[in-house]
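Chemist: To start, I am sharing the structure in question, which I have written as structure tokens.
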Amino acid sequence: MANHAKIIWQSVSICAALFGTCAAVAQSQQKTPYWASIEEPEARMRTGPSTEFPVKWVYKRQNLPVKVVAVHSVWRKVEDPDGDQGWMHVRLLSPKRTAVVIGSGVGSLRETPQETARIAWRVEPGVVGRIEECQKGWCRFENAGRFGYIEDERLWGEEAP
């Protein structure tokens with residue numbers, strides 16, 4: 001039985017490695033700029049495209065949106081919501097679309113994409129959530145299982161890069 005478990009774990013490891021490689025290939029074929037998000041709970045931004053370069057920032061904000069502005073092998077030059085740029089390894093990034101609430105004051109998540117719609121939730125600037133269905137100035141925004149529609153001008157990570 002021990003050999004069977006070992007074979008299963010080796011198969012799982014190989015599949016995970018292949019999935020990571022496929023994700024890197026898919027991201028390398030995208031035209032820059034494009035949107036991504038930080039995949040890991042901790043991610044290092046470096047001053048250049050290699051582990052030989054110094055760490056510029058350590059992000060501890062999983063799902064934070066970033067704009068990919070350049071590609072070099074398995075490295076992506078990204079811009080964060082504050083405008084800082086640096087290099088991250090592709091395995092730290094996800095194609096999952098997220099956005100961060102910007103602006104001053106609390107934002108309203110509405111039940112439908114209309115200014116007059118009932119407010120379902122409120123979000124403060126800095127809240128990160130998954131976005132989809134962005135059209136006509138509104139995006140469906142989800143955070144911790146709660147969702148609603150918010151004006152796209154209140155989000156960083158939505159506009160066409």
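What follows draws every value from the coordinates through simple rules; no lab data is involved. This structure is a prediction, so every number in the text was calculated from the model and none was measured. FYI the Cβ positions are ideal-geometry reconstructions off the backbone, even for glycines, and counts take in every protein chain you see.
Chemist: Glu153: net charge of surrounding residues, Cβ under 13 Å, Lys/Arg +1, Asp/Glu -1, itself excluded?
Modeler: Working: positive: Lys136, Arg154; negative: Glu115, Glu151, Asp152, Glu158, Glu159.
Value of the local net charge: -3.
Chemist: Return the sequence-ordered ³J(HN,Hα) values of the stretch 140-155 in whole Hz as given by the Karplus equation 6.51 cos²θ - 1.76 cosθ + 1.60 applied to θ = phi - 60°, using x for Gly and Pro.
Modeler: Result, ordered by residue: 7, 10, 10, 9, 6, x, 9, 9, x, 9, 10, 4, 5, 5, 8, 10 Hz.
Chemist: OK, next. Can you list the aspartates and glutamates whose alpha carbon sits under 19 Å from that of Lys56, skipping same-chain ones fewer than 8 residues off?
Modeler: Qualifying aspartates and glutamates at Cα under 19 Å: Glu39, Glu40, Glu42, Glu79, Asp80, Asp82, Asp84.
Chemist: Let me know the charge dipole size of the stretch 81-129 about its Cα centre in debye, to the nearest 20, where only the beta-carbon of Lys, Arg (+1) and Asp, Glu (-1) is charged. Working shown, then result.
Modeler: Working: 6 positive and 5 negative charges, 53 e Å.
Rounded to the nearest 20 debye, it is 260 debye.
Chemist: Continuing with the same structure: Given all pairs of different Cα atoms, what value in angstroms does the Kirkwood hydrodynamic radius of the stretch 99-156 take?
Modeler: For the stretch 99-156, inverting the mean 1/r across all distinct Cα pairs yields 10.8 Å.
Chemist: Order of 81-92, 62-73 by packing, highest average Cβ count within 10 Å first?
Modeler: Top to bottom by mean Cβ count within 10 Å: 62-73, 81-92.
Chemist: For the stretch 36-44, in order, what is each residue's ³J(HN,Hα) by Karplus, 6.51 cos²θ - 1.76 cosθ + 1.60 with θ = phi - 60°, in whole Hz (x at glycine and Pro)?
Modeler: With coefficients 6.51, -1.76 and 1.60, one gets 8, 9, 6, 7, 9, x, 9, 9, 9 Hz.
Chemist: Can you give the translational diffusion coefficient of the stretch 23-161 in µm²/s, computed by Stokes-Einstein from the Kirkwood radius over Cα pairs at 37 °C and 0.692 mPa s?
Modeler: 212 µm²/s
Chemist: Also: At 0.36 nm per residue, and after removing the present C-alpha to C-alpha distance, how many nm does the segment from Val55 to Glu40 gain when stretched out fully?
Modeler: Length gained between Val55 and Glu40: 3.8 nm.
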